[in-house]
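**Q** Below: one structure in structure tokens.
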Amino acid sequence: MFRLHLLIFTLFISGTLCRPQSSSREPYAWDQKSLQKSLEIFTAEPHTVGSDRQAVLTNWLQSETEQMGLQVTVDSFAIQVPDPSLLGGTSSLMQSLTIERSARNVYAKLKVAGSDCVILIGSHYDSKRIEGISYVGANDSGSSSAALLEIMRQLKAVSSLSCSVMAVWFDGEEAWLPEWRDGQDRHPARQQDNLYGSRHLAAQLQNCKAGLCLPENLGGESVKALVLMDMIGMPKVQLTLDASSDPRLMQMARDLDQSMNKDLLYSRPYPKPIEDDHRPFMDRGVPSVNLIGFENLQTWHQASDVLSTLDLGSIEKVSQLAIALVTKLGETP
């Protein structure tokens with residue numbers, strides 16, 4: 001019996017030692033439990049730009065991404081939002097038209113050794129300020145912001161990337177006033193009241209030989225593209241054919257959708273222009289695409305935009321398209 005046990009043990013060890021060694025970058029299995037946990041954190045309370053809760057989320061994102069081994073930077077900057085009490089009225093010469101808020105973008109880079117280019121993949125993580133309701137923005141910010149954490153975990157397993165990938169959680173995408181254009185059209189400040197975080201980063205991009213590069217404190221790589229996600233959590237999600245996105249990247253996303261999904265994400269052929277965090281980058285010449293589900297709007301900016309209305313399968317499906325798109329963009333210099 002001892003000899004039999006010894007033989008079995010020897011065969012087991014031999015099989016283990018002779019088995020081909022797996023890559024150090026194993027394929028990362030999508031983790032619905034991890035996604036669910038992140039969504040619970042994002043949707044626990046309203047978290048408008050400059051709020052105490054938003055600061056808690058900033059610190060949590062920093063901790064989560066540092067634990068992944070990513071290069072993390074929290075970029076804090078002051079913004080001036082229109083004073084809501086002056087909406088539709090006038091002000092005295094001595095009265096300030098704006099209120100200062102503290103905004104924070106979170107950048108988490110998966111660095112590819114020797115790479116001099118970077119692909120940005122982003123989501124806004126602030127919730128909309130809506131008077132009279134407790135708005136947590138489960139779909140409108142939470143779905144894509146939680147997905148971005150899982151996407152970065154999965155991209156760490158991709159060994160074919162030639163460009164680094166930097167996740168960006170933009171702060172201050174939402175208008176402080178009730179409507180998107182109120183700051184320009186109805187407020188005496190006559191200022192743009194949205195896209196604060198994306199405008200901040202886009203303005204920091206520097207002219208370089210390869211086009212536009214990140215500032216030196218973020219690595220200085222040339223920015224190859226931005227893949228933005230927003231509102232990706234509604235059941236049977238449908239992505240909007242965004243006329244404001246780069247046509248080549250939009251076609252690339254549609255082609256990948258055709259090859260990956262039996263139930264297509266892009267099944268509605270009518271394009272519409274979307275103003276979102278990709279616009280400041282497009283305006284500066286960075287090819288950008290917005291993966292946004294701006295079709296089912298029944299909970300958009302409503303108190304009903306809560307975790308229980310989300311479909312984790314929808315979030316995963318759009319996330320896998322985003323991963324495929326970033327991977328395709330990152331396979332060549």
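The values are calculated or read from the model by the stated rules, or taken from the named source; none is laboratory data. Bear in mind the structure is a predicted one, so any value in this text is a computation, not a measurement. Don't worry about glycine lacking a Cβ; one is built from the backbone with ideal geometry, like all the others, and counts go over all protein chains shown. Surface accessibility is based on the protein's heavy atoms, side chains included, excluding ligands, DNA and RNA. Shrake-Rupley method; radii C 1.70, N 1.55, O 1.52, S 1.80 Å.
**Q** Acidic (Asp, Glu), out of contact with any helix residue (DSSP H, G or I) (no Cβ under 6 Å at 6 or more places or on another chain) and under 26 Å from GLY142 (Cβ atoms): which single residue out of ASP255, ASP263 fits that description?
**A** Only one candidate qualifies: ASP263.
**Q** Please verify whether segment 77-85 includes one or more residues that are exposed (fewer than 12 other Cβ atoms within 10 Å of the Cβ), hydrophobic (A, V, I, L, M, F, W, C) and closer than 15 Å to ASP171 by Cβ.
**A** If we filter segment 77-85 for residues that are exposed (fewer than 12 other Cβ atoms within 10 Å of the Cβ), which is where we start, we get 78, 85.
Imposing the further condition that a residue be hydrophobic (A, V, I, L, M, F, W, C) reduces the set to 78.
From the residues that got through so far, the ones that are closer than 15 Å to ASP171 by Cβ too are 78.
Yes, that holds for at least one residue.
**Q** If you don't mind, there's one more thing I want to ask. Could you please give the count of residues in segment 110-136 that are of a type in the set (Gly, Ala, Ser) and closer than 22 Å to VAL289 by Cβ?
**A** Going through segment 110-136, the residues of a type in the set (Gly, Ala, Ser) turn out to be 113-115, 122-123, 127, 132, 134.
From what's left, closer than 22 Å to VAL289 by Cβ: 115, 122-123.
Of the residues in that region, 3 qualify.
**Q** What do you reckon, is LEU205 at pLDDT 95 or above and either within 12 Å of ILE79 (Cα to Cα) or among the aliphatic types (A, V, I, L, M) (or both)?
**A** yes
**Q** Within the set of pairs 6+ apart or on separate chains, which have a first residue in segment 157-186 that is on the phi > 0 side of the Ramachandran plot and touching a residue at least 60 places away in the same chain (Cβ under 8 Å), a second that is charged (D, E, K, R) and open to solvent by less than 10 Å² (accessible area, probe 1.4 Å), and C-beta atoms under 8 Å apart?
**A** GLY172/ASP126
**Q** Those residues that are surrounded by 15 or more Cβ atoms within 10 Å (Cβ to Cβ), within 20 Å of TYR125 (Cβ to Cβ), in contact (Cβ under 8 Å) with a residue 60 or more places away in the chain and not polar (S, T, N, Q), I need them from segment 271-300; list them, please.
**A** Those that are surrounded by 15 or more Cβ atoms within 10 Å (Cβ to Cβ), within 20 Å of TYR125 (Cβ to Cβ), in contact (Cβ under 8 Å) with a residue 60 or more places away in the chain and not polar (S, T, N, Q): ASP276, ASP277, HIS278, ARG279, PRO280, PHE281, VAL289, LEU291, ILE292, GLY293, PHE294, TRP300.
**Q** If you don't mind, another one. With the structure loaded, tell me whether SER123 is open to solvent by 10 Å² or more (accessible area, probe 1.4 Å) and out of contact with any His (no Cβ under 9 Å at 6 or more places or on another chain) or whether it fails that test.
**A** no
**Q** Exactly one of these conditions fails for PRO333: (1) modelled with pLDDT of 95 or more; (2) within 30 Å of GLY114 (Cβ to Cβ); (3) of a type outside the set (Asp, Glu); (4) open to solvent by 10 Å² or more (accessible area, probe 1.4 Å). Give me its number.
**A** (1)
**Q** A further question follows. Could you please let me know if SER198 is touching a strand residue (DSSP E or B) at 6+ places or on another chain (Cβ under 8 Å) and either polar (S, T, N, Q) or in a loop (DSSP other than H, G, I, E, B) (or both)?
**A** Working: touching a strand residue (DSSP E or B) at 6+ places or on another chain (Cβ under 8 Å): yes; either polar (S, T, N, Q) or in a loop (DSSP other than H, G, I, E, B) (or both): yes.
Taking the combined requirement at face value, the residue satisfies it.
**Q** Could you please find all residues in segment 183-209 being among the charged types (D, E, K, R) and open to solvent by less than 10 Å² (accessible area, probe 1.4 Å)?
**A** Filtering segment 183-209 for residues among the charged types (D, E, K, R) gives 185-186, 190, 193, 199, 209.
ASP193, the sole residue that qualifies.
**Q** Then there is this: Count, please, the residues in segment 157-202 that happen to be touching a Phe, Trp or Tyr at 6+ places or on another chain (Cβ under 7 Å) and either modelled with pLDDT under 95 or among the β-branched types (Val, Ile, Thr) (or both).
**A** Here the count works out to 2.
**Q** Taking the stated definitions as given, is LEU249 farther than 27 Å from LEU39 by Cα and open to solvent by less than 10 Å² (accessible area, probe 1.4 Å)?
**A** yes
**Q** While we're on this one: Could you check how many residues of segment 221-236 are assigned to a loop (DSSP other than H, G, I, E, B) and either open to solvent by 20 Å² or more (accessible area, probe 1.4 Å) or β-branched (Val, Ile, Thr) (or both)?
**A** Qualifying residue count for the region: 3.
**Q** So which of LEU212, LEU256, LEU161 ends up being assigned to a loop (DSSP other than H, G, I, E, B) and open to solvent by 10 Å² or more (accessible area, probe 1.4 Å)?
**A** LEU161
**Q** Moving on to the next point. For the structure I just gave you, tell me whether LEU239 is touching a residue at least 40 places away in the same chain (Cβ under 8 Å), hydrophobic (A, V, I, L, M, F, W, C) and either part of a loop (DSSP other than H, G, I, E, B) or open to solvent by less than 10 Å² (accessible area, probe 1.4 Å) (or both).
**A** In short, yes.
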